[in-house]
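The values are calculated or read from the model by the stated rules, or taken from the named source; none is laboratory data. Bear in mind the structure is a predicted one, so any value in this text is a computation, not a measurement. FYI the Cβ positions are ideal-geometry reconstructions off the backbone, even for glycines, and counts take in every protein chain you see. Please note that ligands, DNA and RNA were not included when accessible areas were found on the heavy atoms of the full protein model with its side chains. Shrake-Rupley method; radii C 1.70, N 1.55, O 1.52, S 1.80 Å.
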Amino acid sequence: MLAVSGFLTIGVFLALVLSRRISVLFALTLVPIAAALATGFGGRLGPLIADGLVTVAPVAIMITFAVLYFSLMVDTGLFDPAVTRILRWAGGDPLKITVGTALLTLLVALDGDGASTFLITVSALLPIYQRLGMRRIVLTGVICLAAGVMNMVPWGGPTARAMAALNLDSGRLFVPVLPAMVAGILWVLVAAYLIGRAERKRLGVIEVAVEDRVRPTGADRVRFWINAILTLALVVCLLTQLADLEVLFLLAFLAALLVNRPTWSGQQELLTKHAYNVVLVIAVIFAAGVFTGILTGTGMIKAMAESLVSVVPDSAAGLLPVATAITSMPFSLVFTPDAFYYGVVPVLAETASALGGDPAAIGRAAILGQMTTGFPLSPLTASTFILLGMSKVDLGDHQRFIFGWAFGTTLVMTAVALVTGVL
């Protein structure tokens, strides 16, 4: 009963979001609440929602200060030199801009954290897209593809969970799929080229007059370099995980305010200007907390995992890793990473082992898509709403635009993993 309710809840949610019949905010809250009431959990609704909200609270705090920090940096012109250089190199060519988006994201995403990747790349690239008249959905789609494949790194969430769940080191789990990951990166670049070519066909090569940037002097020059050093230090701290993300962004924002907006009136102006973006993203993240809190607390996610495993016939044991790999990306829309890697993967691995297979192959198959290529499309991850909120792109539009390309990344990596014999 719980499994059926869980699948129905996910199905109704996706149908409503993709059809755009109601807002994502309503879909994330009203659908699971209705499911909880229908399955007899109405008496526990308060604690379930509270648990979900507590879970996403650190993410919401981090995003609040991260959005304010990068908004302040954009206002002060920190990214203007980079925008000018990219425009000068691209010459107003949407194809070059799109491929450059993929390359920049591949580099920034080395930190294995989707939230910081989206904050940095969208802040740097959105002004270029707006200036050329390129569609924002192209920006979110290409960033999604590049960040997804890079989320396979061992210090990223999915691979770390798979190693912990199966008690494996990176030598047995991650290293064998490196050729597949390289193939995935190449596919992302090909996809970016094709998407960019279509955008070039739509817009043409735009003559962009790149004006010589007025170089700051005096106090403005000093402030510019302080902002640059502060941002670089923040990125280094994010990469080295020196502290929790919400702490790093809070301290960085306070330091940036001291440098750029030391007066209360200046700070009020900044907060008023960017309050819409902050509230919009944070509201959706807390709504996502309601969604995951109810599905996890009622046991629906666990029941869905057990029901999926129970339908696997013994004769299909040899195909189990391949089936896991192919379905891993779409399952990002259904299962949270904790539910999949700690709930589904161990059971699948045990099943494969009992039938004479390699349990490590299940872990390798899982990281080819589940919350790697699939995480920037999933409504179950808060970072998805950072990407979409900052770019002002609708979740349903984003999923329709990029789902096929992202699924293609998983299929390419699965094919290479089969050829190299790691599945």
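Points worth noting:
- Gap separating the Cα centres of region 364-423 and region 76-140, nearest whole Å: 20 Å
- Build a GNM of the chain with springs between Cα atoms under 10 Å apart, and of Ala349, Ala102, Ala275 the one that fluctuates most is Ala275.
- Convex hull of Cα atoms in region 86-197, direction-averaged projection (nm²): 6.9 nm²
- Within the listed set Thr351, Thr98, Thr372, the Gaussian network model of the chain (springs between alpha-carbon atoms below 10 Å) gives the highest mean-square fluctuation for Thr351.
- For region 1-155, the gyration tensor built on C-alpha atoms gives a prolate shape. Its axis ratio a/c (a ≥ b ≥ c) is at least 1.5, and a/b is the larger of a/b and b/c.
- Cα-based shape type of region 65-149, given that a ≥ b ≥ c are square roots of the gyration tensor eigenvalues and the cut on a/c is 1.5: oblate
- When Ile63, Ile206 are compared by accessible area at a 1.4 angstrom probe, the order from most to least is Ile206, Ile63.
- For region 352-408, the alpha carbon positions stretch 49, 21, 12 Å along the principal axes, listed from largest to smallest.
- For region 231-271, the equivalent ellipsoid built from the Cα gyration tensor has semi-axes of 24, 9, 6 Å, listed from largest to smallest.
- In the chain, the portion of solvent-accessible area held by carbon and sulfur atoms comes to 67 percent [1.4 Å probe, whole percent, DNA, RNA and ligands not counted].
- Intensity falloff of region 17-98 expressed as log10 I(q)/I(0), Debye formula with alpha-carbon point scatterers, at q = 0.16 Å⁻¹: -0.85
- Counting only residues at least eight positions apart within a chain, or on another chain, the lysines with an alpha carbon under 18 Å from that of Lys201 are Lys96.
- Most fluctuating residue given options Ile362, Ile86, Ile185, as computed from a GNM of the chain linking Cα atoms under 10 Å: Ile86
- Taking Val177, Val279 and ordering them by how much accessible surface each has at a 1.4 Å probe, largest first, produces Val279, Val177.
- Computed over protein heavy atoms with a 1.4 angstrom probe, the accessible surface ordering of Leu30, Leu348, largest first, is Leu30, Leu348.
- Radius 11 Å from Cβ of Ile137, net charge of other residues (Lys, Arg +1; Asp, Glu -1): +1
- Rg(Cα) / (2.2 N^0.38 Å) computed for region 314-423, rounded to two decimals: 1.13
- Of all lysines in the structure, those lying under 19 Å Cα to Cα from Lys273, and not within fewer than 8 positions of it along the same chain, are Lys392.
- Overall dimensions of the chain by Cα: Rg and Dmax, Å: 22.1, 74
- Solvent-accessible area per residue for the chain (1.4 angstrom probe, square angstrom): 42 Å²
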